[in-house]
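Inspection log for the structure reproduced underneath, given as structure tokens.
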Amino acid sequence: MGGRVKYQNLSDLERKKFLGELYDMIALLKSREEVKQFFKDLLTLSETVMISRRLQIAMMLLEGYTYRDIRAKLKVGASTIVSVERWLNQGFGGYRNIIARHKNKKENKFKEYEPALPFSLNHLRKKYPLHFLLWNMVKKD
């Protein structure tokens, strides 16, 4: 029997099995490239954009943007923003956790590329690493 499967029509065992396997498979992805390839195969471009926009809405809500600002910038409806805000505040913490982790990673990434002032200790350490070998072993940035 073909056709769409409705979540409500699945038994608890089927729900746990299907969703559990999906979560397990996603957890096996090891790199950004693997994640990209997997979701390109799994989702249509439209579905990917919809998920991406939800994440953008959640980030903007956490940064204090108003509904009006979000609607203007992302071209989404108020009902979408309301849904994301509900999941953000009453969900399982997934949005908040991943956004916080993403923000920390982004901040650390920018610190790596922060240029050292010429002739500063950091500049000299990077330019002459062997001269500062013991220092570099003890002091990790």
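Among the conditions (1) among the basic types (Lys, Arg); (2) at pLDDT 75 or above; (3) assigned to a loop (DSSP other than H, G, I, E, B), the only one that Lys140 does not satisfy is (2).
For every residue, the table says whether it meets (1) touching a residue at least 12 places away in the same chain (Cβ under 8 Å); (2) under 19 Å from Lys103 (Cα atoms); (3) among the aliphatic types (A, V, I, L, M).
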site	(1), (2), (3)
Glu33	no, no, no
Leu42	no, no, yes
Ser46	no, no, no
Ser52	no, yes, no
Leu61	yes, yes, yes
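Residue count for the stretch 24-68 satisfying the condition of being surrounded by 10 or more Cβ atoms within 10 Å (Cβ to Cβ) and closer than 21 Å to Gly94 by Cβ: 28. Scanning the stretch 93-113 for residues that are modelled with pLDDT of 90 or more and polar (S, T, N, Q) gives a single hit, Asn97.
Note on the stretch 69-82: residues that are within 15 Å of Tyr95 (Cα to Cα) and without any contact (Cβ under 8 Å) to a residue 24 or more places away in the chain total 1. Return yes when Lys6 is more than 20 Å from the chain's Cα centre (by Cα), exposed (fewer than 13 other Cβ atoms within 10 Å of the Cβ) and of a type outside the set (S, T, N, Q) and no when it is not. Judged against the criteria, Lys6 is a match.
The values are calculated or read from the model by the stated rules, or taken from the named source; none is laboratory data. These numbers come from a predicted model, not from an experiment. Backbone-built Cβ (ideal geometry, glycine too); neighbour counts: all protein chains shown.
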